[in-house]
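Q: Attaching a single structure in structure tokens format; questions to follow.
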Amino acid sequence: MVATPEEREAALAEALAKARELLQEVHHRTRNNLQVIATLMDIEAAGADPAAQPVLARLRRRVGELGRLHENLYGGGAAVELGGLLSQIYREVAATADPTGAATRMPDLGEAVLPIGKALALGLLLDELLERAFAVALMGQPPTGVALYLDGDADLGFAGLRLVLDPVPGAAPGAMLEPSLADTALCQALLAQLGARVVAEAGGLSVRV
């Protein structure tokens, strides 16, 4: 018996719903597995050599970033709101790179969205750049602050982000952030995935797409 167009459409809708349900389950299990990995890394870090702590902290942050993105996918989202994601990355990098808070300037970012794959690449890139930016900022006496700005909005989408050294009022100009901060194999691969470039701007760096 030949199915009617209505029956074919209903069968297709049912198959699509099942596929979405299976995909959400994959993301749910992936998120849970990443949480287990993060917990194991925390246990390992507790007894690790102090020299290994920065590496373990960096890996732990990246696992957390992957977990948050899979949580977004599990909720059915194909895009990520960047303000919350990038603020969380800033907070986590600052906690390990600037434990005294001398150079931390918590960002107040606007709203912009990015597809999930590019959001992951941007998050990993920001992680790399922030860690290096904090190292430069803390060389100053007194240290300069590391400020993060997001260019874009909910309507126009993501246009770029800026990392700026924010000097203490009255202090002499200190070190500058140079584009060479992104001269690593990982940063260059992430920039290529984003179709972005790093350029020097007044007081800091800008990632432009």
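Values quoted throughout were computed directly from the atomic coordinates according to the rules given, and no laboratory measurement underlies them. Everything numeric in this text was worked out from a predicted model, so none of it was measured. In this analysis, Cβ positions are derived from the backbone assuming ideal geometry, glycine residues included, and neighbour counts consider all displayed protein chains.
Q: Could you list Thr104, Thr184, Thr30 so that the one with the fewest beta carbons within 10 Å of its beta carbon is first and the one with the most is last? Mind dumping the intermediate values first?
A: Details: Thr104 21, Thr184 13, Thr30 17.
Sorted ascending by nearby Cβ count, the order is Thr184, Thr30, Thr104.
Q: Given the C-alpha atoms of the stretch 1-69, compute the convex hull and give its volume per residue in Å³. Let's see the in-between values first.
A: Details: hull volume 5.5 nm³, N = 69.
Measuring per residue, one finds 79 Å³ for the Cα hull of the stretch 1-69.
Q: Follow-up question, since we're still on this one. Between the stretch 105-126 and the stretch 182-209, what is the separation of their alpha carbon centroids in Å?
A: Answer, in whole Å: 13.
Q: Counting residues in the stretch 17-121 as N, plug N into 2.2 N^0.38 Å and put the Cα Rg over that result. Walk me through the numbers before you get to the answer.
A: Numbers: Rg = 15.8 Å, N = 105, 2.2 N^0.38 = 12.9 Å.
Cα-based Rg divided by the globular estimate yields 1.22.
Q: Another question, then. Once you have the Cα-Cα distance between Thr184 and His28, take 0.36 nm times their residue separation minus that, and quote the gain in nm to one decimal. Let's see the in-between values first.
A: Working: separation 156, 0.36 × 156 = 56.16 nm, distance 3.26 nm.
That works out to 52.9 nm of additional length.
Q: Where does helix 116-137 land angle-wise versus the long Cα axis of the chain, in degrees 0 to 90, nearest 10?
A: It works out to around 10 degrees.
Q: To continue, here is another question. Please report Arg8, Arg68 as a ranked list, fewest other C-beta atoms within 10 angstrom at the top and most at the bottom.
A: On the way: Arg8 11, Arg68 19.
Result, fewest neighbours first: Arg8, Arg68.
Q: Calculate for the chain the 222 nm mean residue ellipticity that helices alone would give, adding -39,500 (n - 2.57) per DSSP H run of length 4 or more and normalising by residue count, nearest 500 deg cm²/dmol.
A: Numbers: 5 runs with 112 residues, N = 209.
One gets -18500 deg cm²/dmol as the mean residue ellipticity at 222 nm.
Q: Next question. With a point put 7 Å past each Cα toward its Cβ, work out how far Gln53 is from Ala79 in nm, to one decimal.
A: The answer from the label model is 4.1 nm.
Q: Only counting other Cβ atoms within 10 Å, I'd like Glu7, Glu131 sorted with the fewest neighbours first. Mind dumping the intermediate values first?
A: Details: Glu7 11, Glu131 19.
In increasing order of surrounding Cβ atoms, one gets Glu7, Glu131.
Q: Just to compare against my own numbers: the Cα pair-distance distribution for the chain, 10 Å bins, whole % per bin, please.
A: 8, 28, 31, 18, 7, 4, 2, 1, 0
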